[in-house]
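Peer 1: This is the structure I want to talk about, given as structure tokens.
Bear in mind these aren't lab numbers, they're just calculated from the coordinates by the rules spelled out. Small disclaimer: the values here were computed from a predicted structure and weren't measured. Backbone-built Cβ (ideal geometry, glycine too); neighbour counts: all protein chains shown.
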Amino acid sequence: MVYSYTEKKRIRKDFGKRPQVLDVPYLLSIQLDSFQKFIEQDPEGQYGLEAAFRSVFPIQSYSGNSELQYVSYRLGEPVFDVQECQIRGVTYSAPLRVKLRLVIYEREAPEGTVKDIKEQEVYMGEIPLMTDNGTFVINGTERVIVSQLHRSPGVFFDSDKGKTHSSGKVLYNARIIPYRGSWLDFEFDPKDNLFVRIDRRRKLPATIILRALNYTTEQILDLFFEKVIFEIRDNKLQMELVPERLRGETASFDIEANGKVYVEKGRRITARHIRQLEKDDVKLIEVPVEYIAGKVVAKDYIDESTGELICAANMELSLDLLAKLSQSGHKRIETLFTNDLDHGPYISETLRVDPTNDRLSALVEIYRMMRPGEPPTREAAESLFENLFFSEDRYDLSAVGRMKFNRSLLREEIEGSGILSKDDIIDVMKKLIDIRNGKGEVDDIDHLGNRRIRSVGEMAENQFRVGLVRVERAVKERLSLGDLDTLMPQDMINAKPISAAVKEFFGSSQLSQFMDQNNPLSEITHKRRISALGPGGLTRERAGFEVRDVHPTHYGRVCPIETPEGPNIGLINSLSVYAQTNEYGFLETPYRKVTDGVVTDEIHYLSAIEEGNYVIAQANSNLDEEGHFVEDLVTCRSKGESSLFSRDQVDYMDVSTQQVVSVGASLIPFLEHDDANRALMGANMQRQAVPTLRADKPLVGTGMERAVAVDSGVTAVAKRGGVVQYVDASRIVIKVNEDEMYPGEAGIDIYNLTKYTRSNQNTCINQMPCVSLGEPVERGDVLADGPSTDLGELALGQNMRVAFMPWNGYNFEDSILVSERVVQEDRFTTIHIQELACVSRDTKLGPEEITADIPNVGEAALSKLDESGIVYIGAEVTGGDILVGKVTPKGETQLTPEEKLLRAIFGEKASDVKDSSLRVPNGVSGTVIDVQVFTRDGVEKDKRALEIEEMQLKQAKKDLSEELQILEAGLFSRIRAVLVAGGVEAEKLDKLPRDRWLELGLTDEEKQNQLEQLAEQYDELKHEFEKKLEAKRRKITQGDDLAPGVLKIVKVYLAVKRRIQPGDKMAGRHGNKGVISKINPIEDMPYDENGTPVDIVLNPLGVPSRMNIGQILETHLGMAAKGIGDKINAMLKQQQEVAKLREFIQRAYDLGADVRQKVDLSTFSDEEVMRLAENLRKGMPIATPVFDGA
């Protein structure tokens, strides 16, 4: 493997036995891609804002004289950047501007004659933007929109599994679920009649829907039944024979033809009899007259002579009726073919309970059900029914719904209209009847082919559409009011409902959650979470056991381990490592293609629906060098079951052993040796780890640590390769490599680091550079570590030396005994940052004032405040100390005459204010690390606010000037190169001031052109600098937009150092959690044979019953890793030669299978080997990937 300079600093020894075929994908892509789709201009108009606009516009007036058309939209630039939004407590958003066209038609002229067209760009509110890390800043706090797993639109066939009726009879039902619109349910009742429900209201006979679609009884019977035809010839009754229909019946009369008896009366008709009948080509058989009694007529029979109806369709025949039919000349009678086995008379029976007999009565019945109590009229009934399923405004199956609908009904094409057709409804009824007849299967609701992911973009689009629809009503009203000649599109649109809908979604939707920012893993997991709850989803109370359970289709898509304990178990899941969504929103997972028993490196992503058709081998199947399966029989999955298949039958193979689990679970070494319940706890508790003061890389990891640290966005990652030109605690400057520069730019990348800011959970976010001056970096290298990362790897905890043994009862019931050394070395010390705010308001009695002049407070209490009454930065404060002095006017009290006299003499006016200062809460002590003052526009700023402003301006100017200097230096080095190449002597050039260089002229035209280009760039650079500085100055000096009645807000940030103490919870990665019972002196701790005391004592009884053996294996491997580190440390202390070190470290890296990595230290320079050894002193980090490790 080729390592970059930065990666060579510390290499994790990988014990994986199988090569990595597919790199771990970018872990936040589900969020970023979805939102990108939402705001990106889509020429097809299928996704995002474009789709929302196209679905609502053009809006026509009621009269049709005018319409408002949509042309295009653009998103402006956000006013503040992400950091400024967090500090000021505002939303990070961009203004949405939409170009609309108002078209007015001539009234008297023929249709479509345009009278006037006005086009204008209209502001339509703000759209919150996603940050680079997949979060939103709403009112200054970072939030995450969790993806939702909901039932896909389409048609579903299900049964009640015999639970509804006391007899235990299984009742089948079908449900058509649109993306938006009314649900349509068909269901059988215990008497086998078919009923329909609209939007889960009371049920009606299903044939009412068919009648409303203008079908007659005859047509309905024609659609659902095959016919049996009887003919009356020479006073004998003959039946047209279809032999296949007789299978399994008992003959009630001799079946004979052409003088040959095929089946005797009372015998069962078998397949042999049917073959005989077919062979002899028997078409007609004679039947006794009684056989026709009880059969059902398929159409109306009318007496030709009198015109009277003898027998209506769907009537049962009797012998009298047969005689009547025969007399009136009907010699050919069509009846319905039904039997008890597989052709039930359900629709015929349903028609009998159907009270309606024509279209109008059916429509009225539906109207009464939907709008009880309203008097139905023909028009109202027709428009209601039309709008339910056949209007694009009210009903939409969506592309997904149509695809699922057509696939379910086994149709060829998968595209079609978003509304229902007659055929759709009839086909669903036919399939439901087939299922009732025993043909076909019901769907599995929990199959991931029937549940899809709704991500940020889609939910935001739906909310935006809701806002647009609200606006549409108002626009229609305005268009109809007349006086359009003076109106512009601007006057039609009110952006309030749109911004309100969007704001409501991002601010208070159940799926818009306060980001879990404990550590990088909890951030990443939160963004990859999949919830079945939320609007349009399930509710905790209603969700049964089946929905929560692990389903075979979860394999490689949803993690079976990581889910919360408690009422939400199984409803909130986590995406598997390699899973992604396809265009329809279904989860898919990658597989390697297998052709003729050879595993290729070709990757196919399969959704749960497609996967069912293939045989898929596991990732740990043994392969030889060419990629053939070693064993003849391979363990595979097919149709949700696991069994053995021969190697030629295999279609695909898993990509990786960790594709089953989520990111959280893939960080647990030896996961395969843990009980599932404990693994669940381990995966969940990793997210609760608080970042320690000094992050410590895990000695035993799984190789996923780097991916998590880089993708979470807490580290600073190099965008382009280059050399570190400048580095300090808050900034890193990289001079970019020539080949990665854009033409004509200075080639400098500046990374400003985040310093000591507060996270959502009050932990501390701080970035520290991990590169030094002059080091080469490559694209994707980690430049600075964030919270809980160490040299670009996730480091959630500390490597501790543990003993499993009882110790005087102090580790009873999972208690933990901790050595004092752990506290002394600050191993588990954490920093928490609290934000305390003081608000000065305008009250009825006058404004509150922030001041150091507080009544009845001694000098000592004011010692930490400056003259404006605000605490200074760096002050050590404890509970009860004043942070911001504030006085509030209090109401005039009734004074006694004596007091009045004293007042008059001494003029004491100070006592009409009361002290309402901001104090440190009890039990909190810490250091003030930052103070921010926000002042309302038009209120005079106090001295401290001006000082802060001055400081910020200075800092901004310094930042920008340094940036300018660096860029200038890069530019002038290129100018110098051009001048020297053009024939100017280098010595003379260096004597001239740099500003004069651009005045020189060159004879070579090409060089002169280059010089002029560079001069232009230089001017542009200075202009850009001025512009940026001006923008910064404007932002810093402008007043703040505060809530009504608020004059000033002072925010004080306290950094609190918390040490570990008894009562704190500690946990390993295997669900082994406990509470600290005692901090023990070092001399009292148990020690090993070398006399080294341990750090922690755990109870050995915590292992056997919990079955999490992974912790024991981790301890063993950690011991070995530490041992190698100790040896390297000893060699470094003895100052041994680099060659010996190189050889020893090389031997360590050569241990094991070496399939996944080849570390060749001969390519490392001596300096690199020394630095690697230095970083391995505390132990050699080891990776043991899940299900594939050491």
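Peer 1: Quick one: putting +1 on the C-beta of Lys and Arg, -1 on the C-beta of Asp and Glu, what dipole do you get for the chain around its Cα centre, in Debye to the nearest 20?
Peer 2: In debye, rounded to 20, the chain gives about 2660.
Peer 1: Under unit Cβ charges (Lys, Arg +1; Asp, Glu -1), what dipole magnitude, rounded to 20 debye, does the range 226-340 have relative to its Cα centre?
Peer 2: It works out to roughly 480 debye.
Peer 1: Pairs of Cα atoms under 8 Å, at least six residues apart: use those to get the relative contact order of the range 226-340, whole percent.
Peer 2: Working: 190 pairs, mean separation 33.4, N = 115.
In percent, rounded to a whole number, it is 29.
Peer 1: By per-residue mean of other Cβ atoms within 10 Å, what is the highest-first order of 4-12, 355-363? List each step's numbers first, then the result.
Peer 2: Values: 4-12: 18.4, 355-363: 16.9.
The packing order, highest mean first, is 4-12, 355-363.
Peer 1: Also, I was wondering about something else. Among the lysines, which fall within straight-line cross-link reach of residue 900, defined as a Cα-Cα distance under 16 Å, with same-chain neighbours fewer than 8 residues apart omitted?
Peer 2: Result set, ordered by chain and number: 909.
Peer 1: Turning to a different aspect of this structure: Determine by what factor the alpha-carbon radius of gyration of the chain differs from 2.2 N^0.38 Å, reporting the quotient.
Peer 2: 1.22
Peer 1: Which Cα, out of 812, 209, 1129, lies furthest along the positive dipole direction of the chain (beta carbon charges, K/R +1, D/E -1)?
Peer 2: 812
Peer 1: For the range 55-143, which chymotrypsin sites (Phe, Trp or Tyr not before Pro) are in a loop by DSSP, counting at most 15 other Cβ atoms within 10 Å?
Peer 2: Passing sites in the range 55-143 are 62.
Peer 1: A further question on this structure: Compute from the Cα atoms of the range 948-1037 the Rg and the Dmax, the latter being the longest Cα-Cα distance, and quote both in angstrom.
Peer 2: Values for the range 948-1037 (Cα only, Rg and Dmax): 16.4, 53 Å.
Peer 1: Send over the per residue convex hull volume for the range 856-982, Cα only, as a whole number of Å³.
Peer 2: With only Cα atoms used, the range 856-982 gives 194 Å³ per residue.
Peer 1: Taking only C-alpha pairs under 8 Å that are 6+ residues apart, what is the relative contact order of the range 801-892 in percent?
Peer 2: In percent, rounded to a whole number, it is 24.
Peer 1: Could you work out how far the C-alpha centroid of the range 90-158 sits from that of the range 320-368, in angstrom?
Peer 2: So the separation of the two Cα centres works out to 52 Å.
Peer 1: Hey, another quick one. In whole Å and largest first, what semi-axes does the C-alpha gyration tensor of the range 226-340 yield when each eigenvalue is scaled by 5 and square-rooted?
Peer 2: 28, 14, 12
Peer 1: Further, regarding this structure: Kindly write out, for the range 122-135 in residue order, the coupling ³J(HN,Hα) from the Karplus curve 6.51 cos²θ - 1.76 cosθ + 1.60 (θ = phi - 60°), rounded to whole Hz, with x marking Gly and Pro.
Peer 2: Listing the rounded values in order: 10, 7, 10, x, 9, 10, x, 9, 8, 6, 4, 9, x, 10 Hz.
Peer 1: Sorted by mean Cβ packing within 10 Å, highest first, what order do the peptides 156-167, 797-808 take?
Peer 2: 797-808, 156-167
Peer 1: Could you tell me which of 607, 1181, 969 has its Cα farthest along the dipole of the chain towards the positive end, charges placed at Cβ (Lys, Arg +1; Asp, Glu -1), taken about the Cα centre?
Peer 2: In the chain, that residue is 1181.
Peer 1: Between the range 770-828 and the range 411-482, what's the alpha-carbon centroid distance in Å?
Peer 2: Taking the Cα centre of each part, the range 770-828 and the range 411-482 sit 52 Å apart.
Peer 1: Tell me whether the range 311-465 comes out rounded, prolate or oblate; compute the Cα gyration tensor, take square roots of the eigenvalues as a ≥ b ≥ c, and use a/c under 1.5 as the rounded threshold.
Peer 2: oblate
Peer 1: Relative contact order of the chain, please, whole-number percent, based on alpha carbon pairs below 8 angstrom and at least 6 residues apart.
Peer 2: 13 percent
Peer 1: Only four residue types carry charge here, +1 at the Cβ of Lys and Arg and -1 at the Cβ of Asp and Glu. Report the dipole size of the range 1-106 about the Cα centre in Debye, rounded to the nearest 20.
Peer 2: Rounded to the nearest 20 debye, it is 820 debye.
Peer 1: Right, here's the next one. In straight Cα distance, which lysines are under 18 Å from residue 227, not counting same-chain residues fewer than 8 positions off?
Peer 2: 283, 295, 299, 331, 430
Peer 1: Determine which aspartates and glutamates satisfy two conditions relative to residue 991: a Cα distance under 19 Å, and not lying fewer than 8 residues away in the same chain.
Peer 2: 968, 999
Peer 1: Just report the Cα centroid separation between the range 573-646 and the range 930-995, whole Å.
Peer 2: So the two Cα centres are separated by 57 Å.
Peer 1: Show me the GluC sites (Glu not before Pro) within the range 99-158 that DSSP assigns to loop and that have at most 10 other Cβ atoms within 10 Å of their Cβ.
Peer 2: On the way: sites: 106, 108, 111, 119, 121, 126, 142; in loops: 106, 108, 111.
Listed in order of number, the matching sites are 108, 111.
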